[in-house]
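Structure, as structure tokens:
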Amino acid sequence: MIDAKQAIVISRGKALELLDEPGSSLEEIEQETYHGHDVWSITLGHPKKGVTYALGIGPPLEYKRFLIDVETGALLAMKIRDVP
């Protein structure tokens, strides 16, 4: 069984491995059920690629949710998280 801190490390590692996105920011942590599995839902923010921004204002972010199995630590899903 993994805790939230381990799920964050796994999520960041998968973001780097699959998306080549270093430097993600932790936005949300939730525990929920996904297709019958207890999961950690970890939302990471990443700067949008190809977007310019004004000095003094951070880059606009896009968000991805990583669903990590609580028992095994396996990545079950990665989803785009739309924020209104």
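I need the shape label for the range 1-49. Rule: rounded when a/c is under 1.5, else prolate if a/b > b/c, else oblate, with a, b, c from the alpha carbon gyration tensor.
Because a/c hits 1.5 or more and a/b exceeds b/c, the range 1-49 counts as prolate.
Springs between alpha-carbon atoms under 10 Å, Gaussian network over the chain: tell me which of 44, 67, 19 tops the mean-square fluctuations.
Sorting by GNM fluctuation, first place goes to 19.
Calculate one ³J(HN,Hα) per residue across the range 24-38 by plugging θ = phi - 60° into the Karplus curve 6.51 cos²θ - 1.76 cosθ + 1.60, and present them in order as whole Hz with x for glycine and proline.
The phi angles translate into 7, 10, 6, 10, 8, 9, 9, 10, 8, 10, 9, 6, x, 10, 6 Hz.
Could you work out [θ]222 nm for the chain from helices alone, using -39500 (n - 2.57) per DSSP H run of at least four and dividing by all its residues? Round to the nearest 500 deg cm²/dmol.
When only DSSP H runs of four or more count, the value is -6500 deg cm²/dmol.
Along each of its three principal axes, how wide is the spread of alpha-carbon positions in the chain, in whole angstrom units, largest first?
43, 26, 18
Give me the net charge for the shell around residue 21: Cβ to Cβ below 15 angstrom, other residues only, Lys and Arg +1, Asp and Glu -1.
Within the 15 Å Cβ shell, the charges total +4.
So what J values fall out for the range 7-17 if you push phi through Karplus, 6.51 cos²θ - 1.76 cosθ + 1.60 with θ = phi - 60°, rounded to Hz, Gly and Pro as x?
Calculated HN-Hα couplings, in order: 5, 5, 4, 4, 4, 5, x, 5, 4, 5, 5 Hz.
Grab the Cα-Cα distance for residue 49 and residue 74, subtract it from 0.36 nm times how many residues apart they are, and report the gain in nm with one decimal.
Additional length available on full extension: 6.3 nm.
Determine ³J(HN,Hα), in whole Hz, for all residues of the range 62-74 in sequence, where each value follows from phi through the Karplus function 6.51 cos²θ - 1.76 cosθ + 1.60 and θ = phi - 60°; x replaces Gly and Pro.
Per residue, the Karplus-derived 3J(HN,Hα) values read 10, 10, 10, 9, 10, 9, 10, 4, 5, 7, 10, x, 6 Hz.
Using a 10 angstrom Cβ neighbour count of at most 14 plus a DSSP loop assignment to flag exposed trypsin sites (Lys or Arg not before Pro), which longest range of the chain is free of such sites?
Working: sites that count: 48, 49.
Free of exposed loop sites, the longest segment is 1-47.
For the chain, modelled as a Gaussian network with Cα springs under 10 Å, which listed residue fluctuates most, 70, 51, 39?
51
How far apart, in nanometres, would the label points at residue 57 and residue 20 be if each is projected 7 angstrom from Cα along the Cα-to-Cβ direction?
Inter-label distance under the simple model: 2.9 nm.
Where a number appears in this text, it was derived from the coordinates with a stated rule and is not lab data. As the structure is a prediction and not an experimental result, all values here were calculated from the model. Here the Cβ is made from the backbone with ideal geometry for all residues, glycine too, and neighbour counts use every protein chain on show.
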